[in-house]
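Let me begin by presenting the structure, written as structure tokens, before commenting on it.
The values are calculated or read from the model by the stated rules, or taken from the named source; none is laboratory data. Here the structure is a predicted model, which is why all the values come from computation and not from measurement. Note that each Cβ is placed from the backbone with ideal geometry, even for glycine, and that neighbours are counted across all protein chains shown.
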Amino acid sequence: MARGQGDGETPDPAAATLSEAELTVVQNESLIHRRREQICQAALELFLEKGFASTTIRDICAKSGVNQASIYDYIANKNDILRRLLNQLWFNPDVPTLPEMLRAAPEAGFEEVLRRYLREAWEKKRKGTLLVYRSVPHMLEEDRRAMRVRDKALLADLSGELAERVGLPERDPRTEVMANMIIFMTAFGPMRDWLTRDVEDEVMLDVVAAGVAAMVARLAESAGEDG
């Protein structure tokens, strides 16, 4: 589960990660890193190709080149591999959240910041997005709970940032709906790119960013009308 976070709390959305097994059989840190990298890369390809449930440890050993007799020196089980992959690809701290990017550039236009965020997310988190949506049904309950904690925190953070930008009260349901829509659109690129392979990346970025920005602008207009 997420380290140090309870399901009812609102943590920093970038802070939560999934617990990884602590294994101490092998002491050589360089070897541990190399073997885990081999195992996780092979598992990622197999999980995306065959699905988590259909992939066996034997499959992962064959693809990674790690001996089946020693693989458990580096990982605890298949769920441990999935956790490590999600921590690398989905909880990736190198990709800031949209609220973080908006706060870092208060003078920049919303569409400009959103466009930069989508580029980062689509380039660096594509495989993570595909993996998380395909593997959720097979996650352990504690891992699903950790994902919900992160998603709720991100939703609340983005909703609050939108409320401030468009002039609506905090926790206004309209900003919550809009925040959820933006999170959905962020997943749209990787999840549906098999339908848009002939569309250039820049065109996709322009269209999605402009469309979302227009919706946010309309939300700001409605806030003015309410006032």
Task: Selection count, segment 166-202, where residues are surrounded by 11 or more Cβ atoms within 10 Å (Cβ to Cβ) and of a type in the set (Phe, Trp, Tyr) - done: 1
Open item on the list: Every residue in segment 152-171 that is among the acidic types (Asp, Glu) and modelled with pLDDT under 90, please.
Closed with: 170
Open item on the list: If residue 41 satisfies all but one of (1) under 25 Å from the mean Cα position of the chain (by Cα); (2) under 22 Å from residue 25 (Cβ atoms); (3) surrounded by 17 or more Cβ atoms within 10 Å (Cβ to Cβ); (4) not aromatic (Phe, Trp, Tyr), what's the number of the condition it fails?
Closed with: (3)
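If you check 120, 112, which single one turns out to be modelled with pLDDT under 95, outside the structural domain of residue 56 (by TED's automatic domain parsing) and either closer than 22 Å to residue 213 by Cβ or in contact with a Lys or Arg (Cβ under 8 Å, 6 or more places away or on another chain) (or both)?
120 is the lone residue from the list that is modelled with pLDDT under 95, outside the structural domain of residue 56 (by TED's automatic domain parsing) and either closer than 22 Å to residue 213 by Cβ or in contact with a Lys or Arg (Cβ under 8 Å, 6 or more places away or on another chain) (or both).
What helices (runs of 4 or more DSSP H) completely inside segment 55-127 contain at least 2 residues that are touching a strand residue (DSSP E or B) at 6+ places or on another chain (Cβ under 8 Å)?
Hits in segment 55-127: none.
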Task: For residue 56: the one exception among (1) closer than 23 Å to residue 133 by Cβ; (2) modelled with pLDDT under 95; (3) surrounded by fewer than 16 Cβ atoms within 10 Å (Cβ to Cβ); (4) of a type outside the set (A, V, I, L, M, F, W, C) - done: (2)
Open item on the list: So, in segment 32-80, exactly how many residues are under 16 Å from residue 137 (Cα atoms) and touching a residue at least 40 places away in the same chain (Cβ under 8 Å)?
Closed with: 7
Task: Tally of residues being over 24 Å from residue 155 (Cα atoms) and more than 21 Å from the chain's Cα centre (by Cα) across segment 70-117 - done: 8
- [ ] Can you tell me which residue among 187, 214 is more than 24 Å from residue 91 (Cα to Cα) and either part of a helix (DSSP H, G or I) or hydrophobic (A, V, I, L, M, F, W, C) (or both)?
- [x] 214
- [ ] Given the conditions (1) among the basic types (Lys, Arg); (2) assigned to a helix (DSSP H, G or I); (3) touching a residue at least 12 places away in the same chain (Cβ under 8 Å), report the number of the one that residue 171 does not fulfil.
- [x] (2)
Open item on the list: With the requirement that a residue be out of contact with any Leu (no Cβ under 9 Å at 6 or more places or on another chain) and aliphatic (A, V, I, L, M), what does segment 40-62 give you?
Closed with: 42, 46, 53, 57, 62
